[in-house]
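Notes follow the structure.
The values are calculated or read from the model by the stated rules, or taken from the named source; none is laboratory data. Quick caveat: nothing in here was measured; it's all calculated off a predicted structure. Cβ: placed from backbone, ideal geometry, glycine included. Neighbour counts: every protein chain shown. What goes into the accessible areas is simple: the full protein's heavy atoms, side chains included, and nothing from ligands, DNA or RNA. Shrake-Rupley method; radii C 1.70, N 1.55, O 1.52, S 1.80 Å.
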Amino acid sequence: MISDNFINILHDIKTPLNIIIGAIQLTEHNNDKNSENKIIQDKHFQAIKQNSYRLLQLVNSISDFIIAGNDGITFNPTICNIVSIVDELVQTSVPYAHHKGISLKFETTDREIVAPIDIEKFERIILNLLSNGIKFTPPGGEVIVKTSCLKNKALISVKDTGIGIPESKQDMIFKRFWATNPLSTISEGTGIGLSIVKYFVDLHKGKINFSSKEGEGSEFIVEIPAFNVSCLPGMSIK
Ligand code: ADP
């Protein structure tokens with residue numbers, strides 16, 4: 001029997017794969033039009049490289065899960081500046097969003113927000129929300145990712161101007177294998193992503209909330225316990 005964790009990982013392999021495919025398609029497109037467009041090409045190659053590494057990491061996780069079995073999920077926190085991590089994830093997704101005709105922006109209230117996070121799992125939280133924002137927003141729309149700090153909490157918001165989630169279905173979205181429109185062509189998903197996101201947010205002792213209006217868009221806000229930078233004299237920050 002295939003374990004739930006194994007299915008989770010398979011789902012997460014699709015996110016960087018979509019970014020890689022988008023970057024390759026865009027590079028091919030630019031090659032046709034203007035082979036001297038080096039800066040744009042370098043940006044796409046950067047996205048291909050980073051997301052290939054991410055895939056490699058996920059494949060490594062598959063062997064970890066198989067070895068460790070169902071109780072094998074570990075939480076390895078490192079003290080990190082989440083602003084630079086979220087910024088980098090957004091920048092690598094920009095070519096994929098642009099390919100879909102969507103504007104993707106990153107904003108932050110602080111240059112440094114420090115929190116103990118499991119980097120791999122934190123990245124999977126953000127990538128899943130980002131990928132949903134892009135996936136469920138039609139061309140011409142916008143996705144804005146924002147980091148901010150409130151007391152001892154780091155807040156990460158992923159807001160889109162997409163199709164939104166019908167009110168009657170909003171209490172189900174964190175359930176596994178659930179999708180509002182499983183037969184629609186817009187949903188390439190299986191309804192696993194948000195259940196993983198919720199599980200990983202819980203591991204961080206955080207919270208996830210959302211608001212959504214059908215036809216207008218959605219906003220997901222992740223809240224993770226954070227430190228005030230001034231409380232960390234002498235500690236090394238990634
Ligand atoms: P999937 O793999 O189907 O994307 P998720 O668990 O990530 O699975 O999401 C579950 C369902 O919630 C999606 O199929 C979609 O119907 C809805 N959903 C999630 N995020 C959004 C969003 N940003 N905009 C609209 N609908 C969303």
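When you count the other C-beta atoms within 10 angstrom of each residue and take the mean per peptide, 146-156, 122-132 line up highest first as 122-132, 146-156.
Please label the shape of region 69-152 as rounded, prolate or oblate, based on the square roots a ≥ b ≥ c of the eigenvalues of the alpha-carbon gyration tensor (a/c under 1.5 means rounded; beyond that, a/b larger than b/c means prolate, else oblate).
oblate
For the listed residue pairs LYS49/LYS159; LYS14/LYS135; LYS153/LYS198, the alpha carbons are over 19 angstrom apart in LYS49/LYS159. Carbon-plus-sulfur accessible fraction, region 68-137 (probe radius 1.4 Å, protein heavy atoms only): 47%. Packing order of peptides 90-96, 37-43, 206-212, 75-81, highest average first: 90-96, 206-212, 75-81, 37-43 (average count of other Cβ atoms within 10 Å over each peptide's residues).
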